[in-house]
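Please read the structure below before turning to the comments.
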Amino acid sequence: MKHKILQKIPTECPWRDTLYWYEATNSTNDLAKGFAKEGAAHGTVILAGTQTGGRGRMGRSFLSPEGGLYLSVILRPKCPATELMHLTCATGVATSDAVEQIADFRPGIKWINDLVWSGKKLGGILTELSLDAKTGLVDYAVIGIGINCREPEGGFPSDIADIAVSLSGAAGKDIDPAAAAAALITALWKMDMQLLSGKKALMDTYRSLCVTLGKQILVLRGSDKRPGKALDVNDDGGLVVEYGDGYIATVSSGEVSVRGMWDYV
Ligand code: BTN
């Protein structure tokens, strides 16, 4: 698998030299964080065919059967964390670019980190940061992406069957997981090159892909559910919401998640 992926990544991409493939692991994000603590380089890529302990945002688990693509990349941008607030959004844009390239359709993004197509979830993103205690700068960031390439044997489990879709299902054709992995790594490498200098452009693209905008949503904070309308996403990835009483506030992905008022999106 590693060989097939490498064949499809441009030779000038330096990330080719630090790519690791595992048939199965607990979580590629956990592996990446372990590697990063031991000094792994910027652009180290970890891929797995299946995960036994895949993790999502807000402490949720992320089901990771065979047939999916599970990938984490270590980044080491030497900047304060405040300059990386848009990292999940930028990763979403790169992931949408990669899907468009290999599957011929452009998925939208449900704020903040879900790749969606026709109201269903194609995949998700989990970014994690670690700071250098001495400098206060980012020591490393791990961007983790999970995408359903094809449906698992016997279909998606019943609890997510209504809201999950695969690349092959959406594209109506077989998708080669090695080609998908290579397209994703290449798109992330390109995204990384403009991560700090091209923030505004990345965020403009994010806003154009964000299917949450303009929708009536529920803002979920612990057990609290508050209805509102999603007005905008700011350049730090914060969601601007107008609540029923006219009050407008910006919520961050660290505090809340959202869902459609009537559906998942
Ligand atoms: C979400 O849906 O909330 C985000 C899911 C992110 C899943 C990916 S799969 C690769 C990486 N390893 C993990 O344990 N999680 C991320």
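When the range 24-70 is limited to residues that are part of a loop (DSSP other than H, G, I, E, B) and acidic (Asp, Glu), the one that is modelled with the lowest pLDDT turns out to be Glu66.
Among the residues making up the range 197-249, a single one is of a type in the set (Gly, Ala, Ser), assigned to a helix (DSSP H, G or I) and open to solvent by 80 Å² or more (accessible area, probe 1.4 Å): Ser208.
Scan the range 19-40 residue by residue and report those that are open to solvent by 20 Å² or more (accessible area, probe 1.4 Å) and of a type in the set (Ser, Thr, Tyr). Passing the criteria: Tyr20, Tyr22, Thr25. Pairs are defined by a Cβ separation below 9 Å, a sequence spacing of at least 6 or placement on different chains, a first member in the range 108-137 that is at positive phi and more than 12 Å from the ligand (Cβ to nearest atom), and a second member that is open to solvent by 40 Å² or more (accessible area, probe 1.4 Å) and assigned to a strand (DSSP E or B); the pairs so defined are Gly136/Pro80. Restricting attention to the range 157-166, does a residue exist that is under 18 Å from the mean Cα position of the chain (by Cα), within 16 Å of the ligand (Cβ to nearest atom) and of a type in the set (Ser, Thr, Tyr)? The answer is yes; a qualifying residue exists.
Here Ala90 meets each of (1) open to solvent by 10 Å² or more (accessible area, probe 1.4 Å); (2) more than 11 Å from the ligand (Cβ to nearest atom); (3) assigned to a helix (DSSP H, G or I) with one exception, condition (1).
Taking the listed residues Leu188, Leu218, the one that is farther than 22 Å from Val142 by Cα and of a type outside the set (D, E, K, R) is Leu218, with no other qualifying.
Could you identify the single residue in Ala180, Ala171 that is surrounded by fewer than 19 Cβ atoms within 10 Å (Cβ to Cβ) and in contact (Cβ under 8 Å) with a residue 24 or more places away in the chain? Quick ask: steps written out before the conclusion?
On the way: Ala180 fails: surrounded by fewer than 19 Cβ atoms within 10 Å (Cβ to Cβ).
Sole residue among the options that is surrounded by fewer than 19 Cβ atoms within 10 Å (Cβ to Cβ) and in contact (Cβ under 8 Å) with a residue 24 or more places away in the chain: Ala171.
Taking the stated definitions as given, is Val99 under 14 Å from the mean Cα position of the chain (by Cα), more than 14 Å from the ligand (Cβ to nearest atom) and either closer than 15 Å to Tyr206 by Cα or basic (Lys, Arg) (or both)? For Val99, the condition - under 14 Å from the mean Cα position of the chain (by Cα), more than 14 Å from the ligand (Cβ to nearest atom) and either closer than 15 Å to Tyr206 by Cα or basic (Lys, Arg) (or both) - is met. Among the residues of the range 168-185, those identified as of a type outside the set (Gly, Ala, Ser) and farther than 18 Å from Thr28 by Cβ are Lys173, Asp174, Ile175, Asp176. Restricting attention to the range 16-58, the residues that are touching an Asp or Glu at 6+ places or on another chain (Cβ under 9 Å) and within 12 Å of Ile185 (Cα to Cα) total 1.
Considering (1) more than 16 Å from the ligand (Cβ to nearest atom); (2) open to solvent by 60 Å² or more (accessible area, probe 1.4 Å), the lone condition that Glu66 does not fulfil carries the number (1). Take the conditions (1) open to solvent by 10 Å² or more (accessible area, probe 1.4 Å); (2) under 16 Å from Ile143 (Cα atoms); (3) of a type outside the set (Asp, Glu); (4) away from the ligand (no atom under 16 Å from the Cβ); Gly43 misses just one of them, which is (1).
The values are calculated or read from the model by the stated rules, or taken from the named source; none is laboratory data. Quick caveat: nothing in here was measured; it's all calculated off a predicted structure. Using ideal geometry, Cβ is built from the backbone for each residue, glycine included, and neighbour counts are taken over all protein chains shown. Side chains are part of the model used for accessible areas, which takes the heavy atoms of the whole protein and leaves out ligands, DNA and RNA. Shrake-Rupley method; radii C 1.70, N 1.55, O 1.52, S 1.80 Å.
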